[in-house]
Each structure stands twice: as C-alpha cells, then as structure tokens.
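Notes for the one structure printed next.
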Amino acid sequence: MSVVAEVADGDSLRAEVGRWRPDLLVTDMAMPGFDALASIAAMKRDFPGMRILIVSAYDDIDSVAGLLNAGADGYHLKDQSLADLVLAVQRVMQGERWISSALVGQLARRPIEAPSPPLAPARALTRRQRELLRLIAYDYDNRAIAQAMDLSVKTVENHLTALYRALDVTSRHTATTYANQHPELLAIDGLELRDGRDLRDGALTILLVDDNRRYAQQLARMIGKACPGSRLYDAEDTAQALKIATQVKPRLAFVDVVLSDEDGILCARRIKTASPGTRLVMMSAYPDREFRRLALVAGAVAFLDKKDLDAATMRQIVEDAQGSRVSS
C-alpha cells in the first residue's frame with residue numbers, strides 16, 4: 001500500500017477523495033467542516049468500491065453504530081496498538097467489517113439498526129415537521145430550534161416527540177441518520193407556499209443559500225409562485241449548502257455573495273465542485289463590478305441585485321434552468 005494524500009478537514013477530504021479515488025480511506029470522525037454521518041454516506045454512494053475505516057478517540061456507541069450504518073467498513077479506537085490498526089486495515093481490505101474489541105460487547109448489546117426503508121411517508125410529515133427535521137439535520141439544539149421557529153423550548157420538545165413517532169425512530173441521532181438517507185424530506189415544495197399540497201416527484205430542485213432567514217423566506221415564496229412544482233432546500237452557511245449539494249445535486253442554486261461564515265463566492269465554488277451540474281445564480285444587496293466578475297469566474301450564470309429581483313425575473317431564471325439556457 002501507499003499513502004496518496006493526507007488531509008485535516010472535510011473540504012480537503014472531499015477534494016482528495018474525488019481526485020485520487022483511493023481503495024481505502026482512513027479518517028477521523030471529528031474534523032473541521034466534516035459532517036461524518038452525511039459525508040460517509042455520500043462517499044460510499046459516490047465511490048462504492050472504496051473501503052472506509054474510521055479511526056477515532058470517541059467510543060460513543062450511538063456514533064459507532066450510526067457510522068457503520070452510514071457505510072463505514074470499520075471503526076478503530078485510537079488508543080489501541082498500531083499492530084491492531086494494521087490488522088484493521090488488512091481485514092477491511094479483505095472485505096470484512098472491523099470493530100475494535102473494546103466496542104464489540106457494547107454493540108452486541110445494542111444491535112446495529114437496519115438501514116431505513118425506502119421513503120413513502122414524506123406525505124405523512126407536516127410542513128412544520130419537515131422544517132424541524134431540517135434544523136435537526138443542521139445540528140440545531142432545542143433552544144436554537146425554538147428561536148428559529150418562534151416557539152418555546154417545551155413546544156419544540158413536544159414537536160420532536162411527534163416527529164420521532166412519525167419517522168418511527170427513537171432519538172435525535174436516528175432522526176438525523178434518517179434525514180441523511182432521505183434528503184428529499186429536507187425540501188420545501190413550491191406548492192406548499194401556495195396551497196399546502198404535497199411534494200411532487202421529478203420537481204426542479206433549487207438550493208437557496210442566504211444567512212438572512214427573512215429574505216430567504218421571501219425568495220422561497222417568490223420561487224413558489226414562479227415554479228410551484230419546485231423543491232426548495234435552504235442553507236444558512238457553507239457547511240449546510242455543501243451537505244445539500246452533495247446529497248441532492250440541485251439543478252439551480254441562489255447564493256448570496258456575503259455569508260456569515262465566509263465569502264459567498266468561495267461557497268459557490270465549493271457547491272460547483274460538489275455538484276458540477278448545478279447552475280449558480282449569485283445575489284447581492286450591494287452589487288459592484290468586482291463581485292460580478294468574481295461570481296462569473298466562480299461559474300455563476302447570472303449575477304443579480306437583490307433589490308431588482310422580482311417575480312418576472314425569477315420566472316425567467318427558473319425557465320432558463322429548466323431549459324438549460326444561460327441567464328444573464
């Protein structure tokens with residue numbers, strides 16, 4: 001064996017795996033910009049022949065089971081000997097599943113859950129439940145969920161209980177796993193913004209990236225009117241946007257130039273790397289020539305002044321995306 005690359009964060013990991021397509025990935029589960037559950041599931045889907053061995057200091061059995069269910073081929077504790085690590089690599093490359101001996105007893109007492117069945121109950125979830133599931137998947141705690149949904153923490157707890165019952169899961173962890181396996185549940189249907197009808201199959205998938213939640217909701221309503229059959233995903237920062245882009249491969253993405261966590265231009269580049277087929281539209285409340293130039297270099301097909309974005313413009317952009325024409 002030879003080591004082809006070393007990385008220290010989630011963004012670099014995705015890039016290097018795509019570049020080298022290695023036979024084996026040995027990775028920690030706790031790195032900057034790395035959602036272990038979602039990333040493992042996505043990489044296993046995109047590179048099914050790649051074996052994945054988690055090497056971690058964490059012995060939380062829920063995390064171990066979740067990562068194995070997501071597609072990891074082995075889980076090795078860092079405090080074990082290097083000889084055991086070599087054995088773990090050999091076993092995983094032979095097609096076996098490796099679990100450090102210190103974890104085997106715990107896992108034996110807690111059977112690993114079978115993957116969730118193909119989704120049918122999307123129509124059984126209310127719009128509020130899907131919004132709640134989105135926030136859970138974005139790692140919001142109960143207090144942050146309460147603030148985002150304008151509810152009390154107690155009410156959020158009650159809604160979570162109802163959500164778990166609807167999904168037939170028992171915890172926040174298993175609900176997050178379910179959401180990662182069924183990203184369509186994280187979408188808002190354009191029809192919901194008009195008449196509350198259910199999701200449509202084959203809808204135009206659109207990603208909205210804006211940390212101004214109120215404006216994002218206004219934009220979503222505008223899209224709902226222009227394209228009632230659309231399926232909308234929203235993100236407040238780059239990490240959320242990349243998670244959705246990797247899982248969903250949206251047809252169209254609207255990205256604000258200025259985000260709270262980093263430059264929106266860089267976010268757009270990362271979305272384009274994760275989903276090359278996505279058509280990018282950059283937006284700004286303070287447009288200038290340099291922003292426009294950078295947006296086009298990043299791969300955007302249009303650069304819009306937020307103040308000029310109206311229903312007619314939105315309808316044209318959506319029609320362009322559906323017809324694969326370049327909007328300017």
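Every number in this text was worked out from the coordinates using simple rules, so none of it is lab data. Remember, it's a predicted structure, so these values are computed and weren't measured experimentally. Please note: Cβ atoms are built from the backbone with ideal geometry, for glycine as well, and neighbour counts cover all protein chains shown.
Brief remarks follow.
- Based on alpha carbons, the Rg and Dmax found for the chain are 21.0, 65 Å.
- Lysine pairs with alpha-carbon atoms under 22 Å apart, the chain, spacing 8 or more or separate chains: 8
- Computed about its Cα centre, the charge dipole of the chain is approximately 1000 debye, with only Lys, Arg, Asp and Glu carrying charge at their Cβ.
- Mean residue ellipticity, 222 nm, helices only, the chain: the sum of -39500 (n - 2.57) across DSSP H runs of n ≥ 4, divided by residue count and rounded to 500, is -14500 deg cm²/dmol.
- Sum of side-chain charges, S101 neighbourhood, beta-carbon under 13 Å (Lys, Arg +1; Asp, Glu -1): -2
- Applying 1/(1 + (r/R0)^6) with R0 = 56 Å to the Cβ-Cβ distance of D23 and R293 gives a FRET efficiency near 0.85.
- Once the Cα atoms are used to define both axes, helix 36-46 deviates from the longest principal axis of the chain by about 80 degrees.
- Between helix 172-181 and the chain: long-axis angle, C-alpha atoms, 0 to 90°, nearest 10: 70
- Taking other C-beta atoms within 10 angstrom as a stand-in for reagent exposure, S230, S152 fall in the order S152, S230, fewest first.
- Backbone N within segment 58-98 under 15 Å of label point (7 Å from Y164 Cα along the Cβ vector): 62
- Angle between the chain longest axis and helix 213-226 axis [Cα atoms, degrees, rounded to 10]: 70
- Amide H contacts of I52: L25, D73, G74, each under 5 Å away and 5 or more positions distant or on a separate chain (H built 1.01 Å from N in the peptide plane; Pro and chain starts excluded).
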